[in-house]
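First up is the structure itself, then whatever we jot down about it.
Here, each number is a calculation from the coordinates, and none is a lab measurement. Everything quoted here is computed from the prediction, not taken from an experiment. Quick reminder, even Gly has a Cβ in these numbers, built from the backbone with ideal geometry, and neighbours come from all protein chains shown.
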Amino acid sequence: MIELSDVTKTYKTGAGSFQALRGVSFRIEDGEFVAIMGPSGSGKSTLMHILGALDTPTSGKYFLNGKDVSTLCEDELVDIRLGQIGFVFQSFNLLPRATVLRNVMLPLIYKSVEKSEREARAKVSLESVGLYEEHYHHLSNQLSGGQIQRVAIARALVNDPSLILADEPTGNLDTKTSEIVLGAFQRLNQEQGRTIILITHEKDVAEHSDRIIHFKDGMVVSDTKNQKNLH
């Protein structure tokens, strides 16, 4: 599904330039659950922006489902983000005064999907993360942190993406709630075969995945299978 070959990313600053990624190469197959782990400043967020078609490499190649994303124009990148990738963020990014159902339907509104189909697909996504009809008409600011993050996961799923990118998805949650959210990711991976990439700096969060790629100073320093989670 994913192949990075010698990817670099350099940012120009007033003081010169800064190399955030330094020759990153790896492959991720369909149906893998991979954690990308590293301290703040290690380059993992820059990598997530490239994997999510939010940015392009300075050099090197990034292939997603056989397409060279590193060469695409902005309109083509938008199409990939809307059609192939689901995003889950630490800060949830829900509309606080919109209902749960409307928040999940929102990506389908951008794609001009008919209302009846939007509602049906949103309900399927919500059920897949364990949220049912009694939650649909709550406002997102009336829910617990764990419920809010599960709404965000449902929104990421509603376009049936081939890839889910989760950036520090438990960063604002307590330990018990984090376990519930990480369990939802594991079920999506194991029961639906979703490919999931989880960005984190926490070892206990990374260990819910099947494979852990460690980043430091813009480079991959290790890439190991998580034996206890292999299934």
Practice problem: Restricting to the chain, compute how many DSSP beta bridges are antiparallel as a %, nearest 5. | Solution: 55
Quiz item: Taking Cα atoms, how many degrees apart are the long axis of helix 145-157 and the longest axis of the chain, rounded to 10 and kept between 0 and 90?
Solution: 80
Exercise. Take the chain, connect every pair of alpha-carbon atoms lying under 10 Å apart with a spring to form a Gaussian network, then pick out the residue of 155, 194, 97 with the largest mean-square fluctuation.
Key: 97
Quiz item: Semi-axes of the equivalent ellipsoid of segment 45-111: what are they in whole Å, largest first, if each equals the square root of 5 times a C-alpha gyration tensor eigenvalue?
Solution: 27, 14, 9
Practice problem: For the chain, set up a Gaussian network in which alpha carbons nearer than 10 Å are linked by springs, and say which option among 147, 84, 19 fluctuates the most. | Solution: 19
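Based on the Cβ-Cβ distance from residue 95 to residue 190, what FRET efficiency comes out when R0 is 30 Å, to the nearest 0.05?
The calculated FRET efficiency here is 0.45.
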Quiz item: How many lysine pairs are close in segment 39-157, with Cα atoms under 24 Å apart and the two 8 or more places apart or on different chains?
Solution: 5
Quiz prompt | Degrees between helix 115-128 axis and first principal axis of the chain (Cα, 0 to 90, nearest 10) | solution = 70
Practice problem: Please work out the Cα center distance from segment 50-64 to segment 140-177, rounded to the nearest Å. | Solution: 24
Quiz item: So what is Rg over Rh here for segment 115-231, counting just Cα atoms and using Kirkwood for Rh?
Solution: 1.00
Quiz item: Between exposed GluC sites (Glu not before Pro) in the chain, where DSSP calls loop and at most 11 other Cβ atoms lie within 10 Å, what's the longest gap?
Solution: 115-231
Quiz item: Pairing the Cα long axis of helix 74-83 with the longest principal axis of the chain, what angle in degrees results, from 0 to 90 and rounded to the nearest 10?
Solution: 50
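Which number do you get for Rg(Cα) / (2.2 N^0.38 Å) in segment 83-143?
Rounded to two decimals, the normalised Rg is 1.08.
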Quiz item: What are the radius of gyration and Dmax of the chain, computed over its Cα atoms and given in Å?
Solution: 17.6, 54
Exercise. Name the long-range amide H neighbours of residue 215: under 5 Å, sequence gap of 5 or more, or other chain; modelled H, no Pro or chain starts.
Key: 37, 38, 221
Quiz item: Given the Cα-Cα distance of residue 111 and residue 5 and 0.36 nm per residue of separation, how much length would full extension add, in nm?
Solution: 35.0 nm
Quiz item: What fraction, in whole percent, of alpha-carbon pairs in segment 163-231 exceed 21 Å separation?
Solution: 23
Practice problem: Give me the distance between the Cα centres of segment 70-126 and segment 181-203, rounded to whole Å. | Solution: 19
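Arrange the following residues from fewest to most other Cβ atoms within 10 Å of their Cβ: 213, 180.
Listed from fewest to most nearby Cβ atoms, that is 180, 213.
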Quiz prompt | Alpha carbon convex hull of segment 64-188, projected area averaged over orientations, nm² | solution = 8.1
Quiz item: About the Cα centre of segment 81-231, what is the dipole size in debye to 20, counting +1 per Lys and Arg Cβ and -1 per Asp and Glu Cβ, all else neutral?
Solution: 320
